[in-house]
Each structure stands twice: as C-alpha cells, then as structure tokens.
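The values are calculated or read from the model by the stated rules, or taken from the named source; none is laboratory data. Predicted model only: the values in this text are computed from it and were never measured. Heads up, the Cβs are rebuilt from the backbone with ideal geometry, glycines too, and the neighbour counts pull from every protein chain shown. SASA here: full protein model, heavy atoms, side chains in, ligands and nucleic acids out. Shrake-Rupley method; radii C 1.70, N 1.55, O 1.52, S 1.80 Å.
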Amino acid sequence: MLQAYLDIHAQALFSSLGRLARAPVTSLMTVSVLSIAISLAAGFYLLVANIQQLTGGLEDSNQISLFLKDQVTDDAGVKLAEKIKTFVHVQDAKVITKNQGLAEFREYSGFGDALKALDKNPLPTVIQVMPEHSLEEGPQLDELFKNLTDLQEVDFAQLDMQWVKRLYSIMELADRGVTLLSFILALAVLFITGNTIRLELHNRRDEVIIAKLVGATNRFIQRPFLYTGFWLGFSSGILAWIAVTVMLFILQQPIDRLSGLYDGVFSMRYLSFGEMMSLVAISSLLGVAAAWAVLCYQLRLTKPE
Amino acid sequence: MRNSLSTPYLPKINRIMLKFDHVSKRYPDAGDALLDVTFHLQRGEFAFLTGHSGAGKSTLLKLIAVMERCSRGQVLLDGQNLNTASDRQIPYIRRKLGLIFQDYKLLQDRTVFDNVALPLVVAGYSHFDIGRRVRAALDKVGLLGKEKKLPQTLSGGEQQRVGIARAVINKPPLILADEPTGNLDPELSSEIMKLFEDFQQVGVTVLIATHDIALVERMGHRVLQLDHGRLVAS
C-alpha cells in the first residue's frame, strides 16, 4: 500500500515535469517571468546586505569628539581627558594629540603631500569621549553633551552618533523597503503561478471530469497540479539564483577596483549556501501554495455535469 | 483470466442493489425532470431504461452517480442513502459503479492501457496489479494487443469497448450505461449488449439507458419506461 502511495507521488512528480517539458516555450516564459520577480527580490536583498556589511564597522562610533581650542597644549588635553573620565555616564576618554591627528590625517585622507606645504600643524588636540552604551539617546546624553561643550578648553563638540544614527535609520528604511518589495514580488509569483495552474486545469478539464467520474478523490486530482506548482517555483528559484550570481559576477570587477581605491575596505558578498537554499525553498513553497489555493477554489466548480 | 473479472466486489450482501423511493428532481430553470419515481433493482438484475429524449433517463443515471442530487424522495445504492452522502464520500460511491457513456469519454492523449487503468490508478492499486487486471479486462472485451494505441486510431465500436473495459476494471457491482450503442450500427450494438449480458451472468447489476426500442424488444429484459419524468412501466 505504501509502495502504491509512493508510486502515485513519483508518477505525479515526473508526469507534471514531463508535461512542462512538452510545452517548453510556454514553460520557459512562465519560469522566466517568475524568476525575474524572484531575482529582483533577491538582488535588492543582497544590495542592502552588502551596504550593511560596509556600515557594520561603524557601530562603535557612538562617540563625542571634543575639538579643543588651539592654544590648549597636548599635556593640558591629557589632563582634561583624565577629568572627563570621572564624569558620570562616561566610559572612556582618549586623547588624540596634534601630531597623532596629523599622522592619521596624512595616512587616511590622501592629502599628505599638501600638508607639507603648511608651516605648522593646523590640527587641534581632540578628545574622543565614549559615553556608556546605555546612553544611546535621550536627555542624559544631551546633558553630557552640553556639559562637555561648556568646558572652558573645548572649542566645539561633535556627537558622531548623529550621522551614524541617520545612516542606520536609512539602512533600516532600506531593509524594510526590501521586505515590503519582497512581499509584493512574492504576491506576483503567487498570482502568476496561480494563473498558470488555472489555465492548466482548464486545458485538462475533460481529464479532471473523467477522473472524478471513475472515483478520483480531489486529493488525487490535485496532486499533479501541486507538483506542477512545485516545479515552476523550484525552477524559478534556481534560475533566479543563477541570474543574481551572474549579475554580481559582472559587478565584481568594478567593485573590486573601487574597493581598491579605498584600501580594500569592501569585499562583495554573494548569496550564501543557506540563503540559496531558502531562496529555492521559498519559491517552491510559493508555487505549491498558489497551486493549492487555485485548486481549492476551482475543483469545487469543476463538476462532472 | 476470465475469473479475475468474473466475481464482482461485494463488501456486504445487500439483495437490493438500487432503490428509488418516490424520487423527484426539479431543475430551477427547466422544471421537473423526474416525478415520483419508485423502483428497485435486485442484485444481478439486467434492466433497460427507455423513453423519448428528455424523458429523464440521463437525469436518473446522474442521480445514481451523484452527479446530481434529487429534490425529493431518496436514492439508495447498495443500502447507502445517496442524499446524505458527503462530498468526501462521493468518489468512493462512484467506485462501486461502472459508468459507460455514449461519447465514450476517453482521454484522447492517453493510450488504451492508460484509459482502462485509470480507475485502478485512482484507487491506488500497485503497478503489478494494474497491468494484470488491465490485460484481463482488455482480453474480455476483445482488445488485447491494442494497449499501446491511442483511442482515436480505433473504430467507434472498439472505443466503446475500451470504455466498457474501463467501467468493469475494478469489478463494480452496478454498471450504468447511457446510450452505449447510440453511435454504433446494429451489429456492433448487439455485440456490446452481449458483453453486458456476460457481466450480468457473473452477478453484476446492469442498467442501460437507450431509445433503441428494437434492440430492447429483441433482448427481452426488464424495461423501465420513463415518460415526461414519470415511470410508466417497470
């Protein structure tokens, strides 16, 4: 009995595949449309994932930079830093002396040669203040910021967190945008697959009716169509993965070149094996779900008379 | 080979195979198709259902196959009340019936073998059983050796015999035929009728709707005659 059950499933699995293969142009067009929708979603997902990777290192920069007045010496700066460390809600304070600042600037800005033209170091002493992590935002942080700004030695203070926060908000927005877009594209996949199954059901109406007349259960009739939905989703998932990978491959070279100009801070991220598997699994599931929904509705209408 | 076809599947012994009890069927737009029809068929009986076209023959058969439900009265098949059968039960009710149609209702893109095997595939039989039983059924209707042909390459009489093989493949206790010889010449019709009599011989109940009065008279079986939805002779 189990053998017969497996036979039926294997038969439905391969006969539905055979049926798709017998109409290659139609099947290919449907699968192409589906895979375009899926690869759009996957592509945007990767875009955001890559940008997130790029900005991931910025998490630690929740800090306040205090630019000290020009006449304040490095020694005075170190003393001030020690004092600031005793403030409430301050985790750490680090001095960047004028010379350190110059060295860093020379290294990272690419304007090193231009600096040689200056007769004296134009950079101020900087104290980087790290507030406690719990102090992400709110009145306490504002108060700390104000206290630091009011210090006599401080020329001006800058809350680095603000732009990081803005960036993260933008990333969050993009993340949600991609989720939303994926949802809409998933709906498109559902509708396209559903419509394909509906047409298929319509074309095989006689067969369905005859099967019903000789005692086929709805479950038996549904099976090959569910497998058709599975095959459509499965092959579109695979095709979408190939499309996204090829696109990234094409982008690889210019991105590497760009990254090289920025000291190689960025390496492109492809879909991981797990992500690829979920992509294929989700699209297969969408195919089956669409077929199931259409069948539930249509089979009730397809009566032998 | 013949033996494997000859005993019908009998889950429980019910002397009355089919019972119509004051059955009426009214269509919302076409009015009464059947009016107060009462009769029963014993197990192993052979009966013709006659009447002019539109007399209600097809409606009566559709009620038995649960393609329609009656408006009043009740239809009992092998003791089961078809009025109260749920949609889920319908496939299993239909497996007790061998349905034969005037237009054969064969799948044109499938081989003779696949067509005949369909009721067994649907019921979940194993490959081995299916092959054995399909060949036995095709042997019975004289089409052994044509398993791989497509229906449209066969003559009308042969196609109808494919339909009959399909109808009897899972040994139903009741065969219902709707104008089975409607598209066939008299000689082929007699051959087909002879087949039905063979099935009756082994205990199958047979009900054949036809308007071929000459054929009915020649064969001398019980006749249920419908006239404008009423049973006028049984």
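Some values worked out for this structure:
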| read-out | value |
| --- | --- |
| Which listed residue, of B:P151, B:P119, is in contact with a strand residue (DSSP E or B) (Cβ under 9 Å, 6 or more places away or on another chain), touching a residue at least 12 places away in the same chain (Cβ under 8 Å), within 14 Å of chain A (Cβ to nearest Cβ) and more than 20 Å from B:A209 (Cα to Cα) | B:P119 |
| Strands (runs of 3 or more DSSP E) completely within segment B:119-234 that count 3 or more residues being open to solvent by 10 Å² or more (accessible area, probe 1.4 Å) | B:222-227, B:230-233 |
| Boolean, B:D103 is within 13 Å of chain A (Cβ to nearest Cβ), farther than 20 Å from B:G182 by Cβ and open to solvent by 20 Å² or more (accessible area, probe 1.4 Å) | no |
| Tally of residues being of a type in the set (G, A, S), open to solvent by less than 40 Å² (accessible area, probe 1.4 Å) and modelled with pLDDT under 85 across segment B:5-33 | 2 |
| Scan of segment A:216-264 for residues that are aliphatic (A, V, I, L, M), within 14 Å of chain B (Cβ to nearest Cβ) and without any contact (Cβ under 8 Å) to a residue 60 or more places away in the chain, ordered by number | A:A216 |
| The lone exception for A:W163 - which of (1) within 14 Å of chain B (Cβ to nearest Cβ); (2) part of a helix (DSSP H, G or I) it fails | (1) |
| Matching residues in segment B:155-214 - criterion: being on the phi < 0 side of the Ramachandran plot and of a type in the set (G, A, S) | B:S155, B:G156, B:G157, B:G163, B:A165, B:A167, B:A177, B:G182, B:S189, B:S190, B:A209, B:A214 |
| So B:G73, is it more than 14 Å from every other protein chain (Cβ to nearest Cβ), in a loop (DSSP other than H, G, I, E, B), open to solvent by 10 Å² or more (accessible area, probe 1.4 Å) and at positive phi | no |
| Qualifying residue in segment A:59-78 (condition: among the basic types (K, R), within 14 Å of chain B (Cβ to nearest Cβ), open to solvent by 20 Å² or more (accessible area, probe 1.4 Å) and more than 31 Å from the chain's Cα centre (by Cα)) | no |
| Subset of segment B:76-100 [open to solvent by 20 Å² or more (accessible area, probe 1.4 Å) and under 17 Å from B:T38 (Cα atoms)] | B:L76, B:G79, B:Q80, B:N81, B:N83 |
| A:L295 vs. criteria open to solvent by less than 40 Å² (accessible area, probe 1.4 Å), part of a helix (DSSP H, G or I), over 24 Å from A:F220 (Cα atoms) and in contact (Cβ under 8 Å) with a residue 12 or more places away in the chain | no |
| Top-ranked residue of segment A:16-32 - restricted to ones that are open to solvent by less than 90 Å² (accessible area, probe 1.4 Å) and out of contact with any helix residue (DSSP H, G or I) (no Cβ under 6 Å at 6 or more places or on another chain), ranked as farthest from the other protein chains (Cβ to nearest Cβ) | A:S32 |
| Total residues in segment A:201-215, condition open to solvent by less than 40 Å² (accessible area, probe 1.4 Å), part of a helix (DSSP H, G or I) and either polar (S, T, N, Q) or within 14 Å of another protein chain (Cβ to nearest Cβ) (or both) | 7 |
| Residue that is least open to solvent (accessible area, probe 1.4 Å), among those in segment B:34-70 that are among the polar types (S, T, N, Q) and over 19 Å from B:L97 (Cβ atoms) | B:T50 |
| Pick from segment B:122-134, criterion at the interface with chain A (Cβ under 10 Å from one of its Cβ atoms) and out of contact with any Asp or Glu (no Cβ under 8 Å at 6 or more places or on another chain), ranking: farthest from B:K96 (Cα to Cα) | B:F128 |
